[in-house]
Amino acid sequence: MLARMSAIGSERRDAEPRLRRDAERNRRRILAAAADAFAEAGLAVTMDEIARRAGVGVGTVYRRFPDKELLIEALFEQRIDELVALAEAAREDPDPFAGIVRFFESFLSVQAADRGLKEVLLGTPRGASRIARARDRIAPVVDELVARAVAAGDLRPDVAASDLGLVQFMLGALIDYTCDVDAEAWRRMLAIVLDGLRARRDTPSPLPRPALDEAQMERAMAAWGAPRR
């Protein structure tokens, strides 16, 4: 009898970690499926569709996220964790100015890949508070990035951390308007901006992308004038 009770207790202890692993795996699948679905269809996507994409029952989705806003909030927190990690990795680059370059390239690559998801995360009534929370977490790291590059004599001394934020917004808007014309056009503009941020340089840096031709510019301008969803 005692041996049987001991065996049952052991099975229960073994089952608990498996259940936790299964629950976490389902959570990750739901979040990944929701990110893809929101990026494609916006807030109109249903929880049933998210469950279908995740390969789980809709009841599993509702147990983890009783309403869509909680799911959006979890996606936002996950994305901010990723961006903070990218900023911290840039700060640890042994070359201070290379860290600035890495910061821009990594953040803008994420934005270019997830334009639709960005609109969902920031386009709900809680968008403003989400932006504030993101800024509070990322700003201290950017402050260190700037201070380190200025101290090394690589970044112009009159550049502030807020300038990096404005450049990020500027190039983010460029991504939105040129994504269907040349998805990599932002890289050319970033190279031009980076030359302006350097404390010194002997010659202009090579530009990684060709300039838009007249037809591409017309398409980009048409996108700029189109209503935003």
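The values are calculated or read from the model by the stated rules, or taken from the named source; none is laboratory data. Since the model is a prediction, treat every value here as computed from it, not as a measurement. Positions of Cβ are backbone-derived with ideal geometry, glycine not excepted, and every protein chain shown enters the neighbour counts. For the accessible areas, the whole protein counts, side chains as well, though only heavy atoms, and no ligand, DNA or RNA atoms are used. Shrake-Rupley method; radii C 1.70, N 1.55, O 1.52, S 1.80 Å.
Pairs of alpha-carbon atoms within less than 8 angstrom and 6+ residues apart define the contacts here; what relative contact order does region 26-156 have, in percent? Mind showing how you got there, number by number?
On the way: 107 pairs, mean separation 36.4, N = 131.
Taking the mean separation of contacting Cα pairs over the length of region 26-156, I get 28 percent.
A Gaussian network model of the chain, with springs between Cα atoms under 10 Å, assigns the largest mean-square fluctuation among Pro208, Pro17, Pro157 to Pro17.
Model label points for Arg219 and Ala199, set 7 angstrom from Cα along the Cα-to-Cβ axis, are 4.2 nm apart.
Go through 38-47, 184-193 and give me the packing order, highest mean Cβ count within 10 Å leading.
Values: 38-47: 14.9, 184-193: 18.0.
Final packing ranking: 184-193, 38-47.
Report the residues of region 92-121 in range of a label on Ala44: point 7 Å along Cα→C-beta, backbone N strictly under 19 Å from it. In region 92-121, the label zone of Ala44 (backbone N under 19 Å from the point 7 Å along Cα→Cβ) covers 115-121. Computed over the chain, relative contact order equals 15 percent, with contacts defined as Cα pairs under 8 Å that lie 6+ residues apart.
Note on Arg156/Asp81: beta-carbon distance plugged into 1/(1 + (r/R0)^6) with R0 of 45 Å gives a FRET efficiency of 0.90.
Take each of the peptides 63-70, 51-58, average the number of other beta-carbon atoms within 10 Å over its residues, and list them starting from the highest. Present the calculation step by step, with values, prior to reporting the outcome.
Details: 63-70: 14.0, 51-58: 16.6.
Ranking, from highest mean packing down: 51-58, 63-70.
Could you provide, to the nearest whole Å², the per residue accessible area of region 99-229 with probe 1.4 Å?
Values: 7340 Å² over 131 residues.
Each residue of region 99-229 exposes 56 Å² on average to a 1.4 Å probe.
For the chain, the longest principal axis of the alpha carbon atoms and the long axis of helix 161-178 meet at an angle near 80°.
Build a GNM of the chain with springs between Cα atoms under 10 Å apart, and of Ala23, Ala98, Ala112 the one that fluctuates most is Ala23. Highest mobility in the GNM of the chain, judged by mean-square fluctuation with C-alpha springs under 10 Å and restricted to Phe76, Phe107, Phe169, is found for Phe169. Just the protein heavy atoms count here, and of the accessible area of region 101-229 at 1.4 Å, carbon and sulfur take up 58 percent.
Return one number: the angle in degrees, 0 to 90 and rounded to the nearest 10, between the long axis of the Cα atoms of helix 214-225 and the longest principal axis of the Cα atoms of the chain. Approximately 60 degrees, to the nearest ten. Only Cα pairs under 8 Å and 6+ residues apart enter the sum, and on that basis the relative contact order of region 135-229 stands at 27 percent.
What are the equivalent ellipsoid semi-axes of the chain, built from the alpha-carbon gyration tensor (square roots of five times its eigenvalues), in whole angstrom, biggest first? It would help to have the intermediate numbers written out before the result.
Numbers: eigenvalues 347, 125, 43 Å².
So the equivalent ellipsoid measures 42, 25, 15 Å along its semi-axes.
The helix-based estimate of mean residue ellipticity at 222 nm for the chain, built from -39,500 (n - 2.57) per DSSP H run of four or more residues and divided by its residue count, is -25500 deg cm²/dmol to the nearest 500.
For the chain, the longest principal axis of the C-alpha atoms and the axis of helix 185-197 are separated by about 60°.
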